[in-house]
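Enquirer: Sharing a structure here in structure tokens format.
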Amino acid sequence: MTERPTGPELSRVARAFQSARGIDGDADWAELALIRMVFEDVRIDVAEKQLMDAAATVSEAQESPKPLFGRPSEWADQQAEELREVGLDVFEDPLVMGLREGAVTTLGVASGLSALFFLSQLLDLLFGGDAGPTDLTIGFALMPLLLAALLVVLIAVYKRTVARFRFPIVVALCAAVVVLGAGGAASILMLLEQRSPDVHLTCGWSILLVPLYAALTWVVAKLWRAPADAPGHEENLTPQQILDSAHLDDNAWTARARAALRRRDDLTDARVDAALTEARAHAAEAGSSLLEEFGSPEGCSLKIPKDPRTVARRMTVFFAVLALLWLALALANAADAGWALSWSVAPPALLVIVCGAQAVWHARTWRRAVRAS
């Protein structure tokens, strides 16, 4: 996840509200509002500026922020919505990770996967598995890291392609990443298994991978400084600077609007094309540019009604494919066990049920949306 330096900003905002009227309770309102804006992915420096302006209003009016602005969550949501409507580049997507965030996330996920591997070994032992010593190999120790890296790369590919390409192309690229990544990881593991020495340990040795990867996560996060702390880092543009330099021709406006509409993930490519065609036709009829007629492309993209069928259809296909993949794994494990009941069959079989149920639920939602349209 993207790290947000909420410590000093939170303190400065709290002090500003506390000194506005000299009442400690005002700082509580400000802290809740700041946290809400951060959870809405508003950049921390922008959230601080918005709250500093609100603190000035409280100081001038000498009234509590609640009657002035309402509940902190509602005020924060309103501020985030207004920032999105004007199209300011002041939002952070925690899934859009740089090299540092990707490395830290990979190690953190590897720690979690190691815990799942240990749980699997423990359950296998408790339900009749082999209680003898197991082999500690470099390949098995690196398996959580390779799987975590594949997951992070998959997320990165999706987030960076969804705004640029049509959805079927995005799916094809993600599928290629999974196939190539899984094949590459399997090849690495097989090579390491053949060449690395085996160390016989008790079944619970894999629990040691959890604190190991957790410690590596902490070390990398501390030693690899974030860009904001690195020497020569330039400060982010202020919202006013972005507004002052905002000038888009129709082609640039269309490209940004198309990217914003695709990032919503609730419209088909055909609906996106139709919306942009309607916008261009309307601007041509009015004799003005798209920017003059509709404002910022990001703000305009929020006003396009969503298609309730799109998400339901995509999620139906997604969970149906997952159910089939888990079913194939369950059958493969059952075949390895001589078609006898074993613990190795239970987890994928359970996931078949869970994913199948999700597919059915989304399919019903899809059907209701089709009937209502």
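The values are calculated or read from the model by the stated rules, or taken from the named source; none is laboratory data. Not measured: the values here are computed from a predicted model. Glycine also receives a Cβ, built like all others from the backbone with ideal geometry; neighbour counts cover every protein chain displayed. Accessible surface areas use protein heavy atoms only, side chains included; no ligands, DNA or RNA. Shrake-Rupley method; radii C 1.70, N 1.55, O 1.52, S 1.80 Å.
Enquirer: Say the cut-off is 30 Å between C-alpha atoms; which of Lys159/Lys303; Lys49/Lys222; Lys66/Lys306; Lys66/Lys222 go over it? Before the final figure, lay out the partial values.
Expert: Numbers: Lys159/Lys303 22 Å; Lys49/Lys222 28 Å; Lys66/Lys306 33 Å; Lys66/Lys222 39 Å.
Going by Cα-Cα distance, Lys66/Lys306; Lys66/Lys222 fall outside the 30 Å limit.
Enquirer: Per residue of the stretch 264-269, what does 6.51 cos²θ - 1.76 cosθ + 1.60 with θ = phi - 60° give for ³J(HN,Hα)? Whole Hz please, x for Gly and Pro, Karplus curve as stated.
Expert: 5, 6, 10, 10, 6, 4
Enquirer: What order do you get for 209-219, 276-286 when each peptide is scored by the mean count of other beta carbon atoms within 10 Å, highest first? Walk me through the numbers on the way to the answer.
Expert: Numbers: 209-219: 16.7, 276-286: 13.7.
The most tightly packed comes first, giving 209-219, 276-286.
Enquirer: Shifting gears a bit: To the nearest 10 square angstrom, what accessible area does Lys306 show with a 1.4 Å probe?
Expert: Spelled out: Lys306, probe radius 1.4 Å, area about 140 Å².
Enquirer: What does the accessible area per residue of the stretch 260-347 come to in Å², with a 1.4 Å probe and no ligands, DNA or RNA counted? Mind dumping the intermediate values first?
Expert: Values: 4960 Å² over 88 residues.
For the stretch 260-347, the solvent-accessible area averages 56 Å² per residue.
Enquirer: Shifting gears a bit: If you build the Cα gyration tensor of the stretch 9-97 and take the root of 5 times each eigenvalue, what three semi-axes come out, in whole angstrom, biggest first?
Expert: On the way: eigenvalues 109, 33, 22 Å².
They are 23, 13, 10 Å, listed from largest to smallest.
Enquirer: If you rank Glu101, Glu85 by how much accessible surface each has, with a 1.4 Å probe, what is the order from largest down?
Expert: Values: Glu101 30, Glu85 80 Å².
Correct descending sequence by accessible area is Glu85, Glu101.
Enquirer: For the stretch 23-77, with every protein chain kept in place, what is the accessible area per residue (1.4 Å probe, Å²)? Walk me through the intermediate numbers first.
Expert: Details: 2690 Å² over 55 residues.
Value returned for the stretch 23-77: 49 Å² of accessible area per residue.
Enquirer: Next question, about the same structure. How big is the accessible area of Val220 in square angstrom, nearest 10, if you roll a 1.4 angstrom probe over the protein chains?
Expert: Here the residue's solvent-accessible area equals roughly 40 Å².
Enquirer: Excluding ligands and nucleic acids, what accessible area in Å² is computed for Phe140 using a 1.4 Å probe, to the nearest 10?
Expert: Solvent-accessible area, nearest 10 Å²: 50 Å².
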